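Structure record follows, encoded as structure tokens.
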Amino acid sequence: DILCRFKRMQGFNVLWQPGTDHAGIATQNVVEKDLAARGTDRHTVGREKFIDLVWEWRRKYGGLILNQLKRLGCSCDWSRERFTMDEGLSRAVKEVFVRLHEEGLVYQGDYIINWCPRCHTALADLEVEHQEKESRLYHIRYPFESGRGYLIVATTRPETLLGDTAVAVNPEDKRYADLKAVRVLLPVLNKPIPVIFDSYVDTWFGTGALKITPAHDPNDFEIGNIHQLERVKVIDEQGRMNELAGPYQGMDRFECRERIVRDLEGLGLLEKVEPYRNAIGHCYRCKTMIEPLLSKQWFVKTAPLAKAAGDAVRSGRTRIYPVHWEGVYFEWMDNIRDWCVSRQIWWGHRIPAWYCAACGRVHVAKAAPERCAHCGNPELVQETDVLDTWFSSALWPFSTLGWPDSTVELSTFYPTSALVTGFDILFFWVARMMMMGIHFMGDIPFKDVYIHALVRDAEGKKMSKSKGNVIDPLEVMDQYGTDAFRFTLAALAAQGRDIKLSEERILGYRHFVNKLWNAARFVLMNIGPIKTTGPQNLPSTLADRWIFTRLARVSEQVAQAIEDYQFNEAADLCYQFVWHEVCDWYLEMAKYHLYGEDTELKQATAANILEILTASLKLLHPFMPFVTEEIWQKMPGKPGSIMTAAFPCATDFPTDETSLQEMDILTGVISGIRNIRGEMNIPPSKTVSVVVDAVKAHHRDILNRNLDHLKALAKVDTVSVGTALPKPEASATAVFEQISVHVLLKGLIDFEEEKRRIKKGIKKLEKEWEIADRKLSNKGFLHKAPTEVVSEVREKAEALSAKLSKLKENLSFLEGIHD
RNA sequence: AGGCACGUAGCUCAGGGGGAGAGCACUACCCUGACACGGUAGGGGUCAAGGGUUCAAAUCCCUUCGUGCCUACCA
């Protein structure tokens, strides 16, 4: 949003496609609360009732919520027309699926899914939570078919042995070298299964012999493929043992485990049981232990798509910021596996495929075929599986613009400029959009990908719904204000680093919002009846020349920082400029003119502070949209919204580089006096007299022209500026450039204190001088360092030693008095 | 186990080969006509430790320690 507001203010035609990041938490709350209010939950609500509720939610909260429902394992019957949640997207999804199928990039195959027997859904890898748990490692004897001896196999899941179709050992394992072509008997079922050799097996783990259950373990499935093993599925979708489990049929999987262990013991086949800790996959929603199950799934062949998507980044057509993430992206693209796109959930785009009720053939088409193209049977049943959320999400950059029609929107906005997202969906979403965009549009979907920081909790952990360590943004906004929160996020969003949310920082930026508000109040209070606004009121005073010069530079820097996705840099520049330059110096100096007698100057100043406020609001608007808009609406001559105002540009303002140096002199002298006042504990109510001894004529000029500011800002009553002036006796002295500022402290000065202060200054300077001097006496430095660096150090050393001698002079003067 | 980050002021963090920074907290003096959610000034750091490259290292490289994240697996 910061980027969009900024671009729009720069005059770009902005199309913002809000993603669904962060919608998940809100959706879950809505859904769960609503179900709870009705005295039910998502496991028991039932499909029909749920579908009705989806419609209510949709009316109440809008369409965005639906995308998130899929993640909750919610689903509905896609064939029912009233659930066409987004006609455009739905069309695009069918189009893409059918085309991929025609190109041979879609196929059906066997796959081990992570099945939750309670939610009745398959879970993506990311949705499986691994929890370390106390468990047991069972050592089970598999007798040799020959009848003599046995092989010991270690397992944590004895109930799956009913589906074993082999026992594997490592070919390097000498213990089992003589088991070639040997078979063992599956305990209980007494079914002979082969011993196979595969290097996947670790010799050091357990007994070095691994039971292979291709239908209930992803790794065993892979091994099974290599060795062409039979796949025996013994656990069903309810988590119960099926007819292939023999005597255990109908038992729950956990009950079966107990029974089979007891039976093995009875048979003398249980060698031993060891306590064991291991991580077991659980459903991230209901915490039920997941069951890996064999099933038929739809796949997309990703190799050709991923190659093109990788090349687009390699060639720089799409750039990923921070660049560090490019490596992660390549890593994934280069090692990609085929994408399983089918999901067994209640809500989603139903796969456009039909099975013939007679011959069983599959027909992939955009609409239901009249009859089977193979056998002519008119009875066709649509696939009940729906597509992975990311399948439709992958089409986002072009499906939302009207594809497959060629629309004006599509030709105007595709490829898009930038995608801003979190790293956690770099693979799931960004990579898929790249693949689909390039494949179907023939061009990249976006030029830049900015991977933003992730907000973590106080311990630096990733926030997650299931962990419950989520900071609710609405609460923070209530507490500190939306603009303060937003500004904080921007200020903390350094590239490549995550955000540990700090309440102190939010509080600090809330104060900043308040400061801006008060500064605006001051300006609006003092501009009076402005006749004209804008830069036609040429700045004449030092303060004006200086602030416009600074404004020009800051505007440029802020714009550049945003362009570079350095949001923290941009936010900080705004903060420093508005608070410490505009408020601390400029407005303070403007007061003198506003409260003065010179009506012409008064009017010019009024116009200028208004101009500076206007520009400051514009600079801040992308970061603090609400307060800037609110102030904007109160300002005279500001039609419309600040959103449509032009972002400040360096060339909008009159600049004068010499004003920067002049201002340095003035602020330097003022700071010097303030420093003495502070160190000497002189209350602000007490004014002092000063004598300024300046060597350079133009320094004296600057000071003489700004005596009033000096008096007002340093609380000075009388001041005399001259050269080679003697140091007044009862005075403290600040040295700056070639200027000595003597603050008269008759009756106030504590000479010991002043000596201490000067000694402190000398000590600090000497340290700095030593560093510079060491460099200058280093031949290597003089020869090899760049000339500008050498001359810089030389100048510095000279300035330091000049200042030092001034301070020492002062010190001996003081010591003279005292003695 | 592997990969990737990160250890800078009491706290939260910027910066990043030539002068140690911000916000909050702290100390002192102040309700001065926008603002005490404020003003002015001040104190506070061997930039994790050790080594290397360089004229020059908080910054680049290596090692160690610590922290966090990601990925995989744990039969």
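The values are calculated or read from the model by the stated rules, or taken from the named source; none is laboratory data. Given the structure is predicted, the values throughout are model-derived calculations rather than measurements. So basically every Cβ, Gly included, is an ideal-geometry build from the backbone, and we count neighbours across all protein chains shown.
Are there any strands (runs of 3 or more DSSP E) wholly within the range A:650-758 with 1 or more residues that are in contact with a Leu (Cβ under 6 Å, 6 or more places away or on another chain), and if so which?
So the answer is A:688-694, A:716-722, A:731-736.
Please list, ordered by residue number, the helices (runs of 4 or more DSSP H) wholly in the range A:459-567 having 3 or more residues that are within 15 Å of RNA strand B (Cβ to nearest atom) and at pLDDT below 90.
A:473-480, A:503-526
Quick test for you: out of A:Ala732, A:Ala712, pick the one residue that is without any contact (Cβ under 8 Å) to a residue 60 or more places away in the chain and within 17 Å of A:Gly678 (Cα to Cα).
Answer to the selection: A:Ala732.
Any idea which residue in the range A:210-251 is farthest from RNA strand B (Cβ to nearest atom), counting only those that are at positive phi and in contact (Cβ under 8 Å) with a residue 40 or more places away in the chain?
Within the range A:210-251, the first condition is being at positive phi, and the residues that meet it are A:228, A:239, A:246, A:250.
Imposing the further condition that a residue be in contact (Cβ under 8 Å) with a residue 40 or more places away in the chain reduces the set to A:239, A:246.
Details: A:Gly239: 18, A:Gly246: 20 Å.
Looking at residues that are at positive phi and in contact (Cβ under 8 Å) with a residue 40 or more places away in the chain, I get A:Gly246.
Going by the structure shown, is A:Lys755 of a type in the set (Lys, Arg), in contact with a Phe, Trp or Tyr (Cβ under 9 Å, 6 or more places away or on another chain) and either farther than 19 Å from A:Ala730 by Cα or away from RNA strand B (no atom under 11 Å from the Cβ) (or both)?
No; evaluated as a whole, the condition is false for this residue.
Of all residues being closer than 20 Å to A:Leu137 by Cβ and within 14 Å of RNA strand B (Cβ to nearest atom) in the range A:169-185, which is surrounded by the fewest Cβ atoms within 10 Å (Cβ to Cβ)? Just the residue, please. Before the answer, list the steps.
Taking the range A:169-185 and keeping what is closer than 20 Å to A:Leu137 by Cβ, we get A:169-170, A:173, A:175-176, A:184.
Retained after the next criterion (residues that are within 14 Å of RNA strand B (Cβ to nearest atom)): A:169-170, A:173, A:175-176.
Details: A:Val169: 22, A:Asn170: 20, A:Asp173: 17, A:Arg175: 13, A:Tyr176: 22.
So the residue we want is A:Arg175.
Quick one: which of A:Thr203, A:Thr160, A:Thr155 is polar (S, T, N, Q), over 21 Å from A:Leu269 (Cβ atoms) and within 13 Å of RNA strand B (Cβ to nearest atom)?
Sole residue among the options that is polar (S, T, N, Q), over 21 Å from A:Leu269 (Cβ atoms) and within 13 Å of RNA strand B (Cβ to nearest atom): A:Thr203.
Given the conditions (1) out of contact with any strand residue (DSSP E or B) (no Cβ under 8 Å at 6 or more places or on another chain); (2) modelled with pLDDT of 90 or more; (3) more than 30 Å from A:Arg343 (Cβ to Cβ), report the number of the one that A:Val167 does not fulfil.
Answer for A:Val167: the failing condition is (1).
Identify the residue in the range A:568-601 that is free of Cβ contacts under 8 Å to residues at least 12 places away in the same chain and more than 10 Å from RNA strand B (Cβ to nearest atom) and, among all such residues, is surrounded by the fewest Cβ atoms within 10 Å (Cβ to Cβ).
A:Glu597
Checking the structure you have, find out if any residue of the range A:315-323 is assigned to a strand (DSSP E or B), crowded, with 20+ Cβ neighbours inside 10 Å and of a type in the set (Ser, Thr, Tyr).
no
Here's the yes/no breakdown for (1) of a type outside the set (Asp, Glu); (2) surrounded by 11 or more Cβ atoms within 10 Å (Cβ to Cβ); (3) touching a helix residue (DSSP H, G or I) at 6+ places or on another chain (Cβ under 8 Å):
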| residue | (1), (2), (3) |
| --- | --- |
| A:Pro728 | yes, yes, no |
| A:Val741 | yes, yes, yes |
| A:Glu753 | no, yes, yes |
| A:Arg756 | yes, yes, no |
| A:Ile771 | yes, yes, no |
| A:Gly780 | yes, no, no |
| A:Glu788 | no, no, no |
| A:Glu795 | no, yes, no |
| A:Leu811 | yes, yes, yes |
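Looking for whichever is surrounded by fewer than 20 Cβ atoms within 10 Å (Cβ to Cβ), in contact (Cβ under 8 Å) with a residue 40 or more places away in the chain and over 30 Å from A:Lys287 (Cα atoms) here; the options are A:Asp472, A:Asp483, A:Asp498, A:Asp448. Which one fits?
Result: A:Asp448 is the single residue among A:Asp472, A:Asp483, A:Asp498, A:Asp448 that is surrounded by fewer than 20 Cβ atoms within 10 Å (Cβ to Cβ), in contact (Cβ under 8 Å) with a residue 40 or more places away in the chain and over 30 Å from A:Lys287 (Cα atoms).
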